[in-house]
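The values are calculated or read from the model by the stated rules, or taken from the named source; none is laboratory data. As the structure is a prediction and not an experimental result, all values here were calculated from the model. Every residue, glycine as well, gets a Cβ built from its backbone with ideal geometry; the counts of neighbours run over all protein chains shown. Ligands, DNA and RNA are stripped out before the accessible areas are found, and what is left, the full protein with its side chains, is counted by its heavy atoms. Shrake-Rupley method; radii C 1.70, N 1.55, O 1.52, S 1.80 Å.
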Amino acid sequence: MSRLIIVSNRVALPTDNKPASGGLAVGLLGALEQSGGLWFGWSGDIVSGSRAASGPLVQHRNGVTYATVGLSRRDYDQYYKGFSNAMLWPTFHYRIDLARFDRKEYAGYRRVNNLLAQQLIPLLEPDDVIWVHDYHLLPFADALRAAGIRNRIGFFLHIPFPAPQVLTTIPPHEDLVKAMCAYDLLGFQTHSDLTAFRDYIEREAGGSVAPDGTAKAYGQVVRGGVYRIGIFPDDVAAQASRPENRKPVLELKQGLAGRKLIMSVDRLDYSKGLVERFRAFERLMEMSQSRQGDVSFVQIAPPTRSDVHTYQQIRERLEYEAGRINGRFSSLNYAPIHYLNRGFDHRMLMSLFRASDVGFVTPLRDGMNLVAKEYVAAQDPADPGVLVLSCFAGAASELSGALIVNPHDIDGMAEALDHALSMSLPQRQARQRENLAALHRYNLGAWRDDFLTDLYACPIVAVDATDSAVPQASASALA
Ligand code: ADQ
């Protein structure tokens, strides 16, 4: 079996006290352990320029090899904080009002992709299969191909892929999509993401899409598919009912004094629709006097990317909204919103989900949204909570048992909360069964295995003696 090489922007090494965290890491590690593979990427450290260029640090943990590199301050500012998070992230989430383009940052983005590719090359073996993750690394395969690497290379985009009208607001959009075509296989979260990519190929790149979905553009051939990322629902269910968490959950319940509980958990990000969500909760209070004092809303959202300006702004805005709404509806022994601006242990979060009545997950745009899936998996089947979910999360097309809302419709969200809070037990159970069936169908193992099966089936790139930098499609890929 070929070795699997995973490449992601950040590599978090498991330690003795802290095993691999998050379902995604666990899912990918499973595949790495089987193939004796390697995980390559940025260590998260900012180092001096000479150390950044000194080659990866290679470490072995539990049968997996980790190769990590540091980034210089300039690389971090231009590649990570700049083009990736101030241009690609907002634009791919349809927030062109928040996007900021800077040519130097784009040059830095391409430079760091080249630099990372150069650092990986000495570690590669001829039949390794390479799986690259996310928007920081759109041109990574292009950099490898330019250096003559012919291995199979696949890419999975964890965030949405925008419609061409939005994508073309990025000045070097053509350069980016051309670079993406250097991959053998592109994986997207949903059909609308894949369709957006194909639309760009046909309408902007003057390329074509064959009936089998293979795209041909810029003299390159790339396959594309939808691979719905999931979780391991049984693992989440086990975490949610851990006896260790019983005490804090009991304390929470005592604090609620019989009130119903609405729960939300996100990274603090403007794509997650937090302000609109707070307003919808406020509208629920306005709509119905009986809800005042009867329901509490817990929002957990630790800061991320806090050195990016727009993230500082969203934090200030939310603190203001939480204070304002609490000022309106609190009494001496009741505050409607508990806004916790810090991280929690993942297993504890799953127990809190189980203890709640409603999971309120309303991103303005989201690739998939694993929190929605974790909320469902954490529920007690005998007395499940109700998921209220944004129609703009990838998960909405699978979780038909959720109450689907438009996060721009504050009244609609408030009504959905009201409906969820008053839903009968048989209705909740029926919805939970529907959602759980979807979770099992699209679990994390299926996502990983389907993607890798398709990647291993891609034909090896043929060597073209006239131009080694341009990968040539094999005839079978066009069939
Ligand atoms: P994220 O934007 O980080 O991921 P999401 O999928 O909701 O969003 O969460 C990923 C993981 O982070 C989940 O396991 C969740 O429990 C955890 N998490 C989120 N908030 C947390 C918090 N406050 N404390 C602790 N853990 C928290 C990106 C894309 C998504 C896509 C995923 C996976 O933006 O659309 O679903 O990648 O592809």
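Over all alpha-carbon pairs in the range 1-125, figure out the percentage whose distance exceeds 23 Å.
In whole percent, the long-distance tail amounts to 40.
Using only the alpha-carbon atoms of the range 143-254, report the extent along each of the three principal axes, biggest first, to the nearest angstrom.
63, 33, 29
Kirkwood Rh and Cα-based Rg: tell me the resulting Rg over Rh for the chain, rounded to two decimals.
Rounded to two decimals, Rg/Rh equals 0.98.
Calculate how many DSSP beta bridges within the range 93-219 are antiparallel, expressed in % of all such bridges and rounded to the nearest 5.
20
What is the percent of Cα-Cα separations in the range 270-355 that go past 22 Å?
Cα-Cα pairs in the range 270-355 separated by more than 22 Å: 33 percent.
How much net charge surrounds SER271 when only the other residues with a Cβ under 11 Å from the Cβ of SER271 are counted, with Lys and Arg +1 and Asp and Glu -1?
That works out to +1.
Counting residues in the range 87-190 as N, plug N into 2.2 N^0.38 Å and put the Cα Rg over that result.
1.09
Viscosity 0.890 mPa s, temperature 25 °C: Stokes-Einstein D of the range 158-209 from its Kirkwood Cα radius, in µm² per second?
So the translational diffusion coefficient is about 219 µm²/s.
For GLN427 and GLU33 in the same chain, what is the full-extension length gain: residue separation times 0.36 nm, less their Cα-Cα distance, in nm?
Length difference between fully extended and current span is 137.6 nm.
Plugging the Kirkwood radius over Cα pairs into Stokes-Einstein for the range 189-347, at a temperature of 25 °C and a viscosity of 0.890 mPa s, what D comes out in µm²/s?
125
With each pseudo-label sitting 7 Å past Cα toward Cβ, what's the VAL58-ARG324 distance in nm, one decimal?
Taking the two extended label points, one gets 5.6 nm.
Under the rule of at least 5 residues apart or a separate chain, name every residue whose amide H is placed under 5 Å from the amide H of HIS338.
Correct list: PHE297, VAL298, GLN299.
Counting only protein chains, not ligands or nucleic acids, how are ARG324, ARG347, ARG277 ordered by accessible area (probe 1.4 Å), most first?
Ranking ARG324, ARG347, ARG277 by accessible area, largest first, yields ARG347, ARG324, ARG277.
Using alpha-carbon positions, what is the distance between the centroids of the range 169-203 and the range 68-89, in Å?
21
Step through the residues of the range 349-360 one at a time and calculate ³J(HN,Hα) from phi using the Karplus curve (6.51 cos²θ - 1.76 cosθ + 1.60, θ = phi - 60°), rounding each to whole Hz and writing x for Gly and Pro.
With the stated coefficients, the range 349-360 comes to 4, 5, 5, 5, 4, 5, 7, 9, 9, 9, x, 10 Hz.
With equal scatterers on the alpha carbons only and no solvent term, can you work out the Debye log10 of I(q)/I(0) for the range 47-101 at 0.25 1/Å?
For the range 47-101 at q = 0.25 Å⁻¹, log10 I(q)/I(0) is -0.85.
How far, in nm, would the chain grow between ARG51 and SER400 when pulled straight, counting 0.36 nm per residue and subtracting the alpha carbon separation?
Separation in residues times 0.36 nm, less the Cα-Cα distance, equals 120.6 nm.
Where both partners of a DSSP beta bridge lie in the chain, what percent of those bridges are antiparallel, to the nearest 5?
If we restrict to bridges inside the chain, about 20 percent are antiparallel.
Nearest 20 debye, what's the magnitude of the dipole of the range 373-420 about its Cα centre given +1 on Lys and Arg Cβ and -1 on Asp and Glu Cβ?
180
Which whole-number percent gives the relative contact order of the range 1-87, counting Cα pairs below 8 Å spaced six or more residues apart?
Averaging sequence separation for qualifying contacts and normalising by length gives 29 percent for the range 1-87.
Using θ = phi - 60° and the Karplus curve 6.51 cos²θ - 1.76 cosθ + 1.60, what whole-Hz ³J(HN,Hα) does each residue of the range 233-243 get, with Gly and Pro shown as x?
Per residue, the Karplus-derived 3J(HN,Hα) values read x, 5, 5, 5, 4, 5, 4, 5, 10, 4, x Hz.
If the cut-off is 20 Å between C-alpha atoms, which lysines fall inside it for LYS247, apart from same-chain ones fewer than 8 positions away?
By straight Cα distance, LYS247 reaches LYS260.
What are the residues whose amide H is under 5 Å from the amide H of ARG61, where those residues sit 5 or more places off or on another chain and H is modelled from the backbone?
TYR66
Quick one: compute a quarter of the convex hull surface over the Cα atoms of the range 352-424 and quote it in nm².
4.5
Once both labels are modelled 7 Å past Cα along the beta-carbon direction, what's the GLU244-ALA437 spacing in nm?
With each label point 7 Å from Cα toward Cβ, the separation is 3.5 nm.
If I model a spin label at SER306 and TYR334 as a point 7 Å from the Cα along the Cα→Cβ vector, what separation in nanometres do I get?
Result: 3.3 nm between the two label points.
Too long at a 30 Å Cα-Cα cut-off: which of LYS216/LYS373; LYS104/LYS178; LYS81/LYS253?
Too far apart for the 30 Å limit: LYS216/LYS373; LYS81/LYS253.
Percent relative contact order of the chain, based on C-alpha pairs within less than 8 angstrom and at least six residues apart?
Rounded, it is 14 percent for the chain.
Less than 13 Å Cβ to Cβ from LEU124, Lys/Arg counted +1 and Asp/Glu -1: what total charge do the surrounding residues give?
Overall, the nearby charge balance is +1.
Using the Karplus curve 6.51 cos²θ - 1.76 cosθ + 1.60 with θ = phi - 60°, work out ³J(HN,Hα) for each residue of the range 246-255 in order, rounded to whole Hz, and write x for Gly and Pro.
4, 5, x, 5, 4, 4, 4, 4, 4, x
Taking the inverse of the average 1/r across all pairs of different Cα atoms in the range 305-356, what Kirkwood radius in Å do you get?
For the range 305-356, the Kirkwood estimate is 13.2 Å.
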